[in-house]
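Encoded as structure tokens, the structure appears first; notes follow it.
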Amino acid sequence: MITYKFPEEKEYGEFYAKKLDDELSLQFLQNGIILHKSQAEHICRFFWAMVDASIEDENNGVKLQ
């Protein structure tokens, strides 16, 4: 189960899942459930891709929409 401390965390993840065209991660983030090791590995890879994309966006002055 994915839990969030703040609602913005979920919004941030969903924003980048859409931006990175990662439908599977978007589904995980929206339903909050990861059932299999392969799903956990996928969301981990997504997390690091999201970090890279957010750093690039910050360097380019892009704001979360």
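Table: residues versus (1) touching a helix residue (DSSP H, G or I) at 6+ places or on another chain (Cβ under 6 Å); (2) in a helix (DSSP H, G or I); (3) modelled with pLDDT of 95 or more; (4) among the small types (Gly, Ala, Ser).
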residue	(1), (2), (3), (4)
8	no, yes, no, no
11	no, yes, no, no
30	no, yes, no, no
41	no, yes, yes, no
45	no, yes, yes, no
48	no, yes, yes, no
52	no, yes, yes, no
65	no, no, no, no
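Report, by residue number, each residue of segment 27-60 that is in contact with a Leu (Cβ under 9 Å, 6 or more places away or on another chain) and not polar (S, T, N, Q). Across segment 27-60, the qualifying residues are 42, 43, 46, 49, 50, 53, 57. Is it the case, given these coordinates, that residue 13 is at positive phi and not β-branched (Val, Ile, Thr)? No. Conditions first: (1) modelled with pLDDT under 95; (2) polar (S, T, N, Q); (3) under 13 Å from the mean Cα position of the chain (by Cα). Residue 25 passes all but one, so which condition is the exception? Condition not satisfied by residue 25: (1).
In segment 13-28, the residue that is farthest from residue 57 (Cα to Cα) out of those that are touching a helix residue (DSSP H, G or I) at 6+ places or on another chain (Cβ under 7 Å) and aromatic (Phe, Trp, Tyr) is 28.
Being touching a residue at least 40 places away in the same chain (Cβ under 8 Å) and surrounded by 15 or more Cβ atoms within 10 Å (Cβ to Cβ) holds for only one residue in 12, 16, and it is 12.
For segment 51-64, a residue qualifies if it is loosely packed, with under 11 Cβ neighbours inside 10 Å and under 14 Å from residue 20 (Cα atoms), and the qualifying residues are 55, 56. Taken over segment 32-47, the residue count meeting the criterion of being open to solvent by 90 Å² or more (accessible area, probe 1.4 Å) and within 20 Å of residue 7 (Cα to Cα) is 1.
The values are calculated or read from the model by the stated rules, or taken from the named source; none is laboratory data. These numbers were taken from a predicted model, which means no experiment stands behind them. Glycine gets a Cβ as well: all are built from the backbone with ideal geometry, and neighbour counts include every protein chain shown. Heads up: the accessible areas ignore ligands, DNA and RNA and are worked out on the full protein's heavy atoms, side chains in. Shrake-Rupley method; radii C 1.70, N 1.55, O 1.52, S 1.80 Å.
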